[in-house]
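Here's the structure, in structure tokens; my notes come after.
The values are calculated or read from the model by the stated rules, or taken from the named source; none is laboratory data. This is a predicted model, so every value here is computed, not measured. Every residue, glycine as well, gets a Cβ built from its backbone with ideal geometry; the counts of neighbours run over all protein chains shown. These area figures cover heavy atoms from the full protein model, side chains too; ligands, DNA and RNA do not enter into them. Shrake-Rupley method; radii C 1.70, N 1.55, O 1.52, S 1.80 Å.
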Amino acid sequence: MNDNVVQSHRVAFRSFGIPLAHVRTTAAAIKELDGIRWRLRGRCSSDESGAWFKDPRTPAARTARSVCASCPVRARCLSAALLYGEEYGIWGGLDPEQRAALDRRLQRGETLRAVVTSALALRVMEDLDEAV
Ligand code: SF4
């Protein structure tokens, strides 16, 4: 991936497409997630390293995940990535493979809120396990 691609995929300035039809959520949630405000509050908003779009197994990506763990907009970030079917990068601390598993739950009819809430609760426990 060259630098231009990395820049165009920065979380803060990624332009989203059309919400996936199978994702069950509210119009208010879509309006919020489509906006730029939450992204400017993200802990990666001024990142220039591209770490969030490196191979998820690299040390840089692990660092990115640890930043996500304390990000104040983590739930919105993961929600947006799922809603818009982001294929690349770490969003809300989860890589594409992890999000694909969540998308399968969305395709089975679970709501976006339920999927994100349970996924982040699990991630928080895993983050704590790594920290202690
Ligand atoms: S959760 Fe991670 S990827 Fe999302 S805005 Fe926060 S730091 Fe960036």
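Give the relative contact order (percent, whole number) for region 25-131; include only Cα pairs under 8 Å separated by 6+ residues. Can you show the working numbers first?
On the way: 103 pairs, mean separation 26.2, N = 107.
Answer for region 25-131 is 25 percent.
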query = What fraction of the Cα pairs in the chain, stated in percent, has a spacing above 18 angstrom?
reply = 51 percent
note = Ser70 and Ala12 label points (each 7 Å along its Cα→Cβ direction) are spaced in nm at 1.8 nm
ask   = Label points 7 Å out from Cα along the Cβ direction at Arg62 and Ser46: separation in nm?
value = 2.7 nm
Approximate spin-label separation Leu20-Ser118, in nm, with each point projected 7 Å along Cα-to-Cβ = 1.6 nm
Extreme residue, positive dipole direction of region 25-131, given options Ala101, Leu112, Trp52 (C-beta unit charges) = Leu112
note = Hull volume per residue for region 65-132, using the convex hull of the C-alpha atoms, in Å³ is 75 Å³
key: Filtered GluC sites (Glu not before Pro), region 36-99: DSSP coil and at most 16 other beta carbons within 10 Å   = Glu48, Glu87
task = Taking the dipole about the Cα centre of the chain, with the C-beta of Lys and Arg at +1 and of Asp and Glu at -1, give me whichever of Ala75, Ala29, Pro19 is farthest to the positive side.
result = Ala29
key: Average accessible area per residue (Å²) across the chain - probe 1.4 Å, nucleic acids and ligands excluded   = 57 Å²
